[in-house]
Amino acid sequence: MTDNSLRNRRIMIAIVAAVAAIAIVVPVAGVLLAPLLNKHQDLDSALTTTTTTPPPLTIKPLSLRPVTGGPFVIRPGDCDPPPPTPPEAPLRICDILKSAVYELGPQALTVQLTDVDSFLNPLTAKQMVQVTMTPESARAFAEFTSSHIDQQVAFVRANVVVWAPKITERIDGEVLQLSGDVSEEQAREIARMLKDEA
């Protein structure tokens, strides 16, 4: 074997050995360095704070007033729009269907709704209107309902009684479902009014 071919053979062996060494060292280094890299990434993510801003509230606060009288049978003129009434004054207004008139006490509470939807409950086959409140409004509503059990309250929007349920127990939670003998069209109209859509 000539010196030249011997030298080429040694170079080839050295290259193969170097490639083999790299093939062993790189994965081992990756395994050994991974915890350090993860700690660095964890530190970066810990230092980077993201704040999520809640979506803007698009529904005006909903007024709740205690029912002090009614529902009464409608007489001519009962459903004419009342003059502007301050929240602390009593009010006499019609329901959304213009089928009854209510006497209401001063505004007791306002709740901030974040979502309103109407749908058919498949279990009861009745139309429902579901409202979602902010956590703060849900807490205030729970306190209000706990102190007004066996009383009737009116949800008022644009000087109309949208819903007037009787409180039978404390109502907790951000989601409230209203149900009754209403048609699909009436449930949609109730949802529209609760959303304060013109």
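A short reminder: the numbers here are calculations on the coordinates, not readings from a lab. Remember, it's a predicted structure, so these values are computed and weren't measured experimentally. Cβ atoms come from the backbone with ideal geometry, glycine included; neighbour counts cover every protein chain shown.
Per-structure values
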| item | result |
| --- | --- |
| Sorted by Cβ density within 10 Å, fewest first, the residues ILE74, ILE96 | ILE74, ILE96 |
| Computed magnitude of the charge dipole of segment 62-194 (debye, nearest 20; Cβ of K, R +1, Cβ of D, E -1) | 220 debye |
| Pair ASP196, ARG92: separation of 7 Å Cα→Cβ label points (nm) | 2.8 nm |
| Segment 64-117 versus segment 125-198: alpha-carbon centroid distance in Å | 13 Å |
| Difference of contour (0.36 nm per residue) and Cα-Cα distance, THR58 to THR132 | 25.4 nm |
| Charge tally in the Cβ shell below 13 Å around PHE119, where Lys, Arg are +1 and Asp, Glu are -1, PHE119 excluded | -1 |
| Cα convex hull volume per residue for segment 62-198 (Å³) | 113 Å³ |
| Taking CYS79, CYS94 and counting other C-beta atoms within 10 Å, the order from fewest to most | CYS79, CYS94 |
| Qualifying trypsin sites (Lys or Arg not before Pro) for segment 57-166 [loop in DSSP, other Cβ within 10 Å: at most 15] | LYS98 |
| Packing-based order for 80-89, 100-109, 178-187, using average beta carbon neighbours within 10 Å, highest first | 100-109, 178-187, 80-89 |
